[in-house]
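This report concerns only the one structure given below.
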């Protein structure tokens, strides 16, 4: 019956009239596929626990699109990205920016000059992400710090010659452009540090010109960053200067077509069997579940590719591995303290705009998190007033999916088991469901969100009707704000 699955080979559902009395007329031919039933969310109701990611998408993150290649916009705030690195100091404004020539930054009220560079793209506020290879080096095109204004006070980290670190504060008196990627600040020291301090400057592992080198992770770079710490003006000085950021970046996605077909003779349909009397109903349900299973697999592990006339949508694992925060997790050696270190970086508001909604875990890690959360309560708890850093505080069902709430110093983790991660290198997917969406193709009165096409083919030689059903879905994933998504592998 393989020919039944090739739509080009299907004959007409009803044929031309064969003479007087034949009820079929040429004017009412309906073609191969007679009926289309839109199933929508009904498919997600089948075996809920098997496919929790698709279940959540269907319930809370569905945004229909009317174009199979759709664009979307990401927005990243700039208030916490007003930082830069001091790559050199100049005490005489001769343009050398030689630290050894700059001896005025530690004396309050004295002028000096600094060359400043950034390591994120100011168009869209795109930055390096925890655990990922470097995307932006200091001095790369588009990384010029645009936010410096006259009257701002800047905090500069310093390294003390006697050991240790400190900081100085200086007011911006003038701002100018050194090159296409660097700014020069004319400064007056407000808070100096004596004792042979030197400018800490840009990390040595990053080439100043952005041509070579490997950026340290964002937590390691934090002590080198020079931040705006406010502004200071004299009375009656009038309106200050201003600046405008560009927080938007665009991206695109594409829809993918999933198809599952089934066929059965009318003889088999009419035969009553033991256990499952209606074989058609049994196979029909199994095909619906397998169709949903395939979609969950694609939405987790798919990669966005356009191959000839076939499009593939973006999967969660592929997207986060390329753009989201990445951490290592070996449950045989990882401790609760180590895991909290990961969470501290991931949940840092300077890098994560929103908290993840759900942590999808493999079975082994799901058990591991419960062991961490339950050990204190079961073995060490002396009073209900005391809790461990990782404590299970409740269980609930969200859209039919079992969720365990684990309280941490960085907020609650909503943990769900996802058996599709079993046997893979992926241990945990932390996904901000508000920043991803399932986008079924809907337009011009046609809904491709899990529709079912039904047809009947008549084989004239045998006189047997064979029923053909085609379960069809077309949709794609939209992702944004990668800092709200993380992966442990």
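No lab work stands behind these numbers, since they all come straight from the coordinates. Since we're looking at a predicted model, the values are computed, not measured. Reconstructed Cβ throughout: ideal geometry from the backbone, glycine too, with neighbour counts over all protein chains shown.
Starting from the Cα of residue 176, step 7 Å along the direction of its Cβ; do the same at residue 371; then give the gap between the two resulting points in nm.
6.4
Would you mind putting 52-58, 254-260, 65-71 in packing order, based on average other-beta-carbon counts within 10 Å, highest first?
The packing order, highest mean first, is 52-58, 254-260, 65-71.
Express in whole angstrom the spacing between the alpha-carbon centres of the stretch 263-288 and the stretch 55-79.
Cα centres, the stretch 263-288 to the stretch 55-79: 39 Å.
Place the peptides 128-137, 357-366 in order of packing, highest mean first, counting for every residue the other Cβ atoms within 10 Å and averaging per peptide.
Values: 128-137: 18.1, 357-366: 20.9.
Ranking, from highest mean packing down: 357-366, 128-137.
Please list 177-189, 228-240 highest first by mean number of surrounding beta-carbon atoms within 10 Å per residue.
Sorting 177-189, 228-240 by mean packing, highest first, produces 177-189, 228-240.
If you average the alpha carbon positions of the stretch 320-359 and of the stretch 146-161, how far apart do those two centres end up, in angstrom?
Rounded to whole Å, the Cα centres lie 30 Å apart.
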